[in-house]
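Engineer: One structure, pasted below without further comment.
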Amino acid sequence: MECDQERSWELIVRKILIGLCMNILLILGTGFYTTEIEPKSLSVTRIDIENKYVQKSFDGKTIVQFSDTHLGPDYTVDQLQSLVDRMNLMHPDIVVFTGDLFDNYAGYGSKNRKLAQKVLAKIEAPLGKYAVYGNHDRGGGGSRVYKEYMEKAGFMVLVNEVHTIISDTGERMNIAGLDDFLLGKPKIQRTLQSFRPQDFNLLLVHQPDVADRFTDYPVDLQLSGHSHGGQVRIPFLKPLITTSLGHKYIEGLYSIEGKIRPLTLYVNRGIGTTRLPVRLFERPELTVIRLLDQ
């Protein structure tokens, strides 16, 4: 009888120990995956934007969007080089960067900044490379130098301004960029009032949740980042990490009713990480957008 009891206790203790070991392994495995695997696992999202304002000269043209690299200890220049190589293999017509290049400009070091600039300069896009400020570009000591830094890498930095691409046949496509909404000085009316309703109008702005403020203007497509998709998402639940002006529109494609015409918003999940160097069910993302005449 005593032997049977001892064996029962042994089985219980063994099951408890096995359970503890399994839980420890699960925690360690999840930790390794969220810090070492998923943050380095790039996904490419391809979408078609069909719009009657896309003129023939721009029908079939592609835009590659990248965002939120957060260059720093958790995203290196070597990783940026791999990203640029991947983008160039796509042969985009236009490349746009929607903010937060460095996690902390002042803390990154001048040598690394020079190397990163040379890498960004290698991006090829015959119709231009365009960028806007993010909150990390305005903060962390980068506010006064970010524009010049990106321009030396071949980007046009749009700060409350509109650039018009004119084709050989005289057809137009407009690209506007607004300053960061958290630490900058965005000028919505002054910038967007120059959009012509007969053109295809693209807007770059770091924070996605400000899209509701643009419904009075003929904005066809807004590209944003900032949210990182929440970085960590448990299936069927809301993201665990959200940020100011990145709560409502968190990732992917949205259609917003406008007073002049519908606004299509795409929120890119970004490349790097911030706050915590982890991702779970929110892989880093490149977005490839093909413009089509409807």
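The values are calculated or read from the model by the stated rules, or taken from the named source; none is laboratory data. As the structure is a computational prediction, the values presented were derived from the model and not from experiment. Cβ placement follows ideal geometry from the backbone for every residue including glycine, while neighbour counts extend to all protein chains displayed. For accessibility, only protein heavy atoms count, side chains too; no ligands or nucleic acids. Shrake-Rupley method; radii C 1.70, N 1.55, O 1.52, S 1.80 Å.
Engineer: Could you please tell me which pairs satisfy a Cβ distance under 7 Å, a separation of 6+ or placement on different chains, a first residue in region 235-258 that is assigned to a strand (DSSP E or B) and of a type in the set (V, I, T), and a second residue that is open to solvent by 40 Å² or more (accessible area, probe 1.4 Å) and at pLDDT 80 or above?
Structural biologist: Matching pairs, first to second residue: I256/D212; I256/P262.
Engineer: Considering every residue within region 78-88, establish whether at least one is assigned to a strand (DSSP E or B) and over 25 Å from T274 (Cα atoms).
Structural biologist: First, the residues of region 78-88 that are assigned to a strand (DSSP E or B): none.
Checking region 78-88: not a single residue is assigned to a strand (DSSP E or B) and over 25 Å from T274 (Cα atoms).
Engineer: Right, next: So, in region 219-233, of the ones that are in a helix (DSSP H, G or I) and small (G, A, S), which residue ends up nearest to the chain's Cα centre (by Cα)?
Structural biologist: The first filter runs over region 219-233 and keeps only residues in a helix (DSSP H, G or I), leaving 228-230.
Now restrict to residues that are small (G, A, S): 229-230.
Values: G229: 9, G230: 11 Å.
Among those that are in a helix (DSSP H, G or I) and small (G, A, S), it is G229.
Engineer: Still on this structure: Given the structure, is K111 closer than 30 Å to G60 by Cα and open to solvent by 50 Å² or more (accessible area, probe 1.4 Å)?
Structural biologist: No.
Engineer: Answer yes or no as to whether G99 is within 18 Å of Q222 (Cβ to Cβ) and open to solvent by less than 50 Å² (accessible area, probe 1.4 Å).
Structural biologist: On the way: within 18 Å of Q222 (Cβ to Cβ): yes; open to solvent by less than 50 Å² (accessible area, probe 1.4 Å): yes.
Considered against the rule, which asks whether it is within 18 Å of Q222 (Cβ to Cβ) and open to solvent by less than 50 Å² (accessible area, probe 1.4 Å), G99 comes out as yes.
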